[in-house]
Each structure stands twice: as C-alpha cells, then as structure tokens.
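Down below is the structure, laid out as structure tokens.
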Amino acid sequence: MGTAYLDYTGSALYAESHLRAHEEFLKHHVLGNPHSENPASVAATEIVDQARRDVLEFFGADRAEYTVAFAANATAAIKLVAESYPFTAGSRYTLLADNHNSVNGIREYATRAGAEVTYLPIDGELRHDRRTPIPRAGGAPSLFAFPAQSNFSGVRHPLELVHEAHELGYDVLLDAAAFVPTERLDLGAVRADFTCVSFYKMFGFPTGLGALIARREALARLRRPWFAGGTVDFVSVEKRRHRLLRGAAGFEDGTLNFLGIAALPGGLAFLRDVGMSRAAQRVKQLTARLLAILREARHANGAPAVHIYGPRSGEARGGTVAFNLLDAGGAPVPYGDVERAASARGLALRGGCFCNPGSAERALDLPAGAMLDCVDSIPQESFDLGALADCLGGSVAVGALRASVSLPTTDADLDRLEAFLASYWSR
C-alpha cells in the first residue's frame, strides 16, 4: 500500500536524481574540514563558496548586497539574529501573532534587553489584521518579524510588509522556510534584512542544513555574544581578547556541514529545472482539491465532518491546511485519535499546534487564562496536549491536523485522504 505523504511543511521528499548525483560526486571527490590549506580542505572551501553563490543566485540576491551564513536549520539561523541583535531600552520587537516558536523566542532576548515586544493580531482567516497597523519603531534598533507563509494555516502574508516595516524604521526578519519550497522569493525585490530557510524543506536532502541570507549592512550591525571555533581570526587567552571574522564567517560556528553543503547546488538545480512557476501552479491545483475534499466531507445527516482553520479558498495561501474532524453533533474529535487512525492506513498527516501558538490560540479559540492555570497545575513530567485537553474539560480542541502538499504529491495521495475521511466514522 505504501505511504500517502501529506506532510511537506514538515519536510520535503528528496528526488532520486538528486541523491544519485550527490552519491556520484562523493565517489570522485575527497573533501576535508575547510579550516586548512591542505588539498581536501581547499576543495571543500571552494565548494562552500560556490554553494553560497548558488543560494544567492537562486533567491535573486546581489552578492554585493547579500551574504549567506550556513546554519543547522532555519531555527539556528533565526537564533543567530536573536542573540546578536542590538536590542536596548527604547527598541521594539514587533511581530505577527502568526509566527513559528523560533521567531517567538526572540522576544526573550528583546525583553531581557529592555525592548518593547508587540504582537500584531490575526483575523478569523488567520491573516494579519490590517486594522492594527505596525507601530513606528523607536529611536533604538528595532526588529519586525513575520512568516512569508504560515506553517500552521498556509496563509501567505503580503511581502509588502517588508517595505512597510522599513519605512517605519525597522530591520526585518523574514521567515521563508514554509514559503520557498513552492514559490519563488526574489530578494532583489523584497530586500528583507534577514531571511531564514531550511534546505530540507525545499528538496528533502540534506537535513541539518539551513541558512541565514542577510544584507551585509544589516549583518554588520549584529553583535555576537560569544565566539567559537571557525568564527575568529584572533584569540588571546592571556589578554582575553578576540576578533570575529568579518561577514558570514563570523556567524558559522565550528565545522560547517561541508558534505551536506556540497549537495545544495544539485538540489537548487533540481528546482530550477522543474521551474518554480510550474511548481507553484501545480501546488495551487493540489491545494484547491485538498480544500474541496475537506469542505465537502459530510456525515450521513449532512453535517460537516471537517472544520478548516484559516482560508477555505486558494486566495493568498500555500499548500498547507489545518483542520479538525467533527462528530455528527459538531464537536471536535481529538486530533491524536485521527492521526493514529490515519497512520494505520498509511496516511502521513501531522497533528498538534505545529510550534505556532499564536495561530493555534486564535484558530482554536483557546482560553489563555485557563490554559495557564492548567499548565501550572499539571506536573511537567506528565504534561502533554492530551492532559491539557482533559484539564480544560475535554471538549476543547487543543491541537489540529495538518495536511500539506508539494511538487511530488499525486492525485492518488489525495484520493487516499478522501477515502480515509469517508471511512473514518465506519471503522
């Protein structure tokens, strides 16, 4: 039967041609730790430098204006900004309520420095509620952050927010991790100061590799709170002095994943060969059918069997859809029960809040005060979303299901989802 994979926002599936090309490359090249002048190290350094150029070219970023710092994933790239951004009293950190926890976490650094943290609300479709404008930045360095595409709902927030925030005095962090696998991002036009991506979300392989694509001017304003191997050109133990390397190298801690980086040009070439416009059109078609399947699922009495969170149409959204099953009386079915039943049928969905509490709270109408009381009352060793649901009375949905499509998705995969929904109540 195999697996009908519908979790592309979690990770892409790798192309066989990409793996074969990388395997062939490794057979004929010897690469070593780049921090040396021996032939294997020089070869690795050249490959890393070429990969930087390929990444910038793929995203339309001028090498004179942008640079690439490789990191373990998008989260690690975000942390490079979080720990180094020069927040002070008088700074603002402004972000949408719809953000991944890796972006939410920046508030801890901002608050510690005395900055004001402001969340902008999202509306019933989980889009930025434009009735609440972006506040003007203060006189101190200020940061605005938002996702190009929500990892919870698939909503695509307008990239014009980058320009709006710049006009109001902010540096801008763009979380592009969920957006770039199926849509072209042109940083020559968008010009975000900091953009984070995870390459496994784009083409499945390698994992453990992401990047911070930064405007050189903005990167130079960051102040790293520590140094590590590979990030310095001078350190004195006796005098307790150090000097960071300039540019991206000062942000790449330890030994780079040089074997993984060697696979990036092949992955980017694969997406270029497919064509991002073709990929976007295919995903738009698949998303339309996915939404139709969910909208049309009904009980025998005609009642809706699915509640969709976020946009119910394909307008300004990507191929990620959050939803819950409803019983015949309209009550949400625990997402964990559905996820386990789907898994038993070889259907790969994802369940939970998807590390996006702002969207989850708004979509599921979660009572924040009661949740905090429950969190405080449940021992940490036994805490999970099931325990939280029980504490809230058992009738509140504390998580959702997420189906996401991408280029490798087939109509047969969606047939499997449709058949599962039709048969769930007759198990």
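Quick notes on this one:
- Test: residue in segment 46-57 that is crowded, with 21+ Cβ neighbours inside 10 Å and closer than 21 Å to LEU168 by Cα: no
- The one condition in (1) modelled with pLDDT under 95; (2) part of a helix (DSSP H, G or I) that ARG52 fails to fulfil: (1)
- Put simply, of ALA110, ALA71, ALA77, ALA12 the only residue that is at pLDDT 95 or above and over 20 Å from the mean Cα position of the chain (by Cα) is ALA110.
- For segment 1-58, the set of residues classified as among the aliphatic types (A, V, I, L, M) and within 30 Å of ARG402 (Cβ to Cβ) consists of MET1, ALA4, LEU6, ALA12, LEU13, ALA15, LEU19, VAL55, listed by residue number.
- Residue identified as outside the structural domain of GLY154 (by TED's automatic domain parsing), in a helix (DSSP H, G or I) and buried (at least 17 other Cβ atoms within 10 Å of the Cβ) among LEU372, LEU325, LEU366, LEU291: LEU291
- Qualifying position, being of a type in the set (A, V, I, L, M, F, W, C), surrounded by 21 or more Cβ atoms within 10 Å (Cβ to Cβ) and touching an Asp or Glu at 6+ places or on another chain (Cβ under 7 Å), among PHE87, PHE70: PHE70
- Summed over segment 129-187, the residues that are touching a His at 6+ places or on another chain (Cβ under 9 Å), within 21 Å of ALA82 (Cα to Cα) and of a type in the set (A, V, I, L, M) give a count of 5.
- Residue satisfying condition, being touching a Cys at 6+ places or on another chain (Cβ under 9 Å) and either of a type in the set (Phe, Trp, Tyr) or assigned to a helix (DSSP H, G or I) (or both), within set GLU339, GLU361: GLU361
- Here ARG130 does not qualify as basic (Lys, Arg) and modelled with pLDDT of 95 or more.
- Subset of segment 130-139 [in contact with a strand residue (DSSP E or B) (Cβ under 8 Å, 6 or more places away or on another chain) and either surrounded by fewer than 20 Cβ atoms within 10 Å (Cβ to Cβ) or polar (S, T, N, Q) (or both)]: THR132, PRO135, GLY138
- Check on ALA220, over 24 Å from ALA97 (Cβ atoms) and out of contact with any helix residue (DSSP H, G or I) (no Cβ under 6 Å at 6 or more places or on another chain): yes
- Restricting GLU339, GLU418 to those that are in contact (Cβ under 8 Å) with a residue 40 or more places away in the chain and out of contact with any strand residue (DSSP E or B) (no Cβ under 8 Å at 6 or more places or on another chain) reduces the list to GLU418.
- Residue that is nearest to the chain's Cα centre (by Cα), among those in segment 357-409 that are of a type in the set (Val, Ile, Thr) and closer than 30 Å to ARG289 by Cα: VAL405
- All of GLU24, GLU46 fail the test of being among the acidic types (Asp, Glu), farther than 19 Å from ALA211 by Cα, without any contact (Cβ under 8 Å) to a residue 60 or more places away in the chain and outside the structural domain of GLY352 (by TED's automatic domain parsing), apart from GLU24.
The values are calculated or read from the model by the stated rules, or taken from the named source; none is laboratory data. Here the structure is a predicted model, which means the values were calculated and not measured. Cβ coordinates were reconstructed from backbone atoms using ideal geometry, including for glycine residues, and neighbour counts include every protein chain displayed.
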